[in-house]
1. Over the residues of the stretch 39-102, compute the C-alpha Rg and express it relative to 2.2 N^0.38 Å.
2. So between residue 88 and residue 15, what do we pick up on full extension, going 0.36 nm a residue minus the alpha carbon distance?
3. Could you tell me the calculated FRET efficiency between residue 31 and residue 98, based on Cβ-Cβ distance and R0 = 35 angstrom, to the nearest 0.05?
4. When the accessible area of the chain is computed with all protein chains present and a 1.4 Å probe, what percentage of it is carbon and sulfur?
5. Normalized C-alpha radius of gyration of the chain, against 2.2 N^0.38 Å?
6. Quick one: Cα centre-to-centre distance for the stretch 66-112 and the stretch 1-52, in angstrom?
7. Suppose a student asked you for the relative contact order of the chain, using Cα pairs under 8 Å spaced at least 6 residues apart; what percent would you report?
8. Find the Cα radius of gyration of the stretch 1-52, compare it with 2.2 N^0.38 Å by division, and give the number to two decimals.
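The values are calculated or read from the model by the stated rules, or taken from the named source; none is laboratory data. These numbers come from a predicted model, not from an experiment. Note that we place each Cβ from the backbone using ideal geometry, even for glycine, and neighbour counts take in every protein chain shown. These area figures cover heavy atoms from the full protein model, side chains too; ligands, DNA and RNA do not enter into them. Shrake-Rupley method; radii C 1.70, N 1.55, O 1.52, S 1.80 Å.
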Amino acid sequence: MEAKANGTFVRIAPRKVKIVLDLIRNQPADKAMAILQYTPKAACEEVSKLLKSAMANAENNHDMDVSRLYVAECYVNQGPTLKRIRPRDKGRAYRINKKTSHITLVLRETEE
């Protein structure tokens with residue numbers, strides 16, 4: 001049995017989120033939450049919200065023991081890019097791409 005949480009259209013680049021997800025993969029849920037709390041990355045806030053949501057889903061929807069949960073899978077895919085224009089000199093316009101992410105977190109119980 002597994003509990004899942006999805007974050008879609010999160011306004012942060014996927015390559016920045018991937019760095020944070022690599023830190024918590026295969027970690028116990030409580031340790032992963034501590035890692036996210038003390039890591040100075042912008043993506044940690046969004047990923048910790050997702051982790052809390054997945055833990056709540058496990059407890060309330062699947063009757064799983066929260067103390068035995070670990071991060072089984074976590075991955076990020078690129079969402080749609082918001083395209084913005086920045087005026088430059090001599091009448092030119094430069095494009096600014098604001099990337100979005102779709103983050104998925106899967107929690108499972110450890111078998112003892």
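1. With N residues counted in the stretch 39-102, Rg over 2.2 N^0.38 Å equals 1.79.
2. Stretched out fully, the residue 88 to residue 15 stretch lengthens by 23.5 nm.
3. 0.60
4. Percent of accessible area from carbon and sulfur atoms in the chain: 46.
5. Expressed relative to 2.2 N^0.38 Å, the Cα Rg reads 1.30.
6. 11
7. 42
8. 1.08
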